[in-house]
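The block underneath contains the structure these notes are about, expressed in structure tokens.
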Amino acid sequence: MLLTSCGNSEESPQQSATPSTHPTDTITVGFGPSTYINQFENGIKPILEAQGYRVETKTFSQNSMIPAALKEGAIDASVHISTANMIEMNRRLDADMIVWADTPSAPQSLRSLKHQSLNAIQDGMSVGLPNDPVNLERAVRILEDLDWVEIPPDLEIATFHINSVTPKKYALKLVLMDSAQLPRALADLDFAIINGNYVANQGDKISDGLVIEDSPPEHLVKVAIRAVNQDKPWAHDLKAAYESDAFEAYIRSDELFDGFIYPKAWQKESNQTDRSNQSNPDNL
């Protein structure tokens, strides 16, 4: 197996939330280049501003820059990180990030511009993969499920390394690069596994991928804050905004988020509504 590496490691929803009695002057939230900032700008920011907050966003060119900014206080919250990645970054930075709220999360998908089917795969083809351990592990699991590669069982996600991957059915050229670069590099690769937020951000449908990840809970994107801030009023107002009916209604109405994995609370509510409709004689 040959390994190469490149790159660097509408209308606002209505809301009825009760205004906070002691809002901070400003809430600053950090994002990578993704659709999570669209979720925030159109679905969360209007709710917080109606409560008297001044809301600012910062977009970082690479997701790896965000945890340090949160630790240093340059931002108050972030929407970019999974639980698995958070555990690793807390260890690496001696940080105190905690999961604070759920948000619709985009699965990875295996994609190609050169090939219309998985049947095109053959020895020597190139497959682009994210270069950070957490997203790399996710991506390689997709290849493992296809029997293209194999990896030893019980590997630690946070320390996952490409050297753990061995060929199975095919001898592939695995190309590692920053997640944000993979969509642009796809034209030069046979296949690539791309994080769903980047797919949606460039106007493509996640569902058009050749394989869609069945994302495990530890890989879903979360809203993160520092543990030291969890009792502050702004933090509770931020959490309430993400859990609001207005935010859910906005997400469900925007085609940009088709294919995203909704928070479990939304899924339960949908199932309860479906069961209610099925059992109501008026709906028969």
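Things worth noting here:
- Which of I225, I251 has the fewest Cβ neighbours within 10 Å, and the rest in rising order: I251, I225
- Lysine-lysine proximity count for the chain, Cα under 20 Å, sequence distance 8 or more or distinct chains: 18
- From the largest down, the chain spans 62, 57, 34 angstrom on the principal axes of its Cα atoms.
- Neighbour-count order for H80, H236, fewest beta carbons within 10 angstrom listed first: H236, H80
- Per-residue ellipticity at 222 nm computed for the chain from its helices equals -8500 deg cm²/dmol, with DSSP H segments shorter than 4 residues left out and the rest contributing -39,500 (n - 2.57).
- Evaluating kT/(6 pi eta Rh) at 10 °C and 1.306 mPa s, with the Kirkwood radius of the range 122-172 over Cα pairs in the Stokes-Einstein relation, gives 144 µm² s⁻¹.
- Using C-alpha pairs below 8 Å separated by at least 6 residues, the relative contact order for the range 121-264 is 25 percent.
- Fully extending the segment from Q62 to E156 would add 31.5 nm, taking 0.36 nm per residue of separation and subtracting the current Cα-Cα distance.
- The range 22-102: C-alpha gyration tensor shape, a/c 1.5 cut-off, then a/b vs b/c: prolate
- With R₀ set to 35 Å, the beta-carbon distance separating V99 from A171 gives a calculated FRET efficiency near 0.30.
- Working from label points 7 Å from Cα in the Cα-to-Cβ sense, the N119 to Q267 distance is 3.2 nm.
- Two-site FRET efficiency, D245 against D25, from Cβ-Cβ distance with R₀ of 35 Å, rounded to 0.05: 0.80
- ³J(HN,Hα) computed for each position of the range 106-111 - Karplus, 6.51 cos²θ - 1.76 cosθ + 1.60, integer Hz, glycine/proline x: 9, x, 6, 8, 8, 9
- Each residue of the range 39-45 was assigned a 3J(HN,Hα) from its phi angle through the Karplus expression (A = 6.51, B = -1.76, C = 1.60, θ = phi - 60°), giving 4, 6, 4, 9, x, 10, 4 Hz with x at Gly and Pro.
Values quoted throughout were computed directly from the atomic coordinates according to the rules given, and no laboratory measurement underlies them. Just so you know, these numbers come straight off a predicted model, no measurement behind them. Glycine gets a Cβ as well: all are built from the backbone with ideal geometry, and neighbour counts include every protein chain shown.
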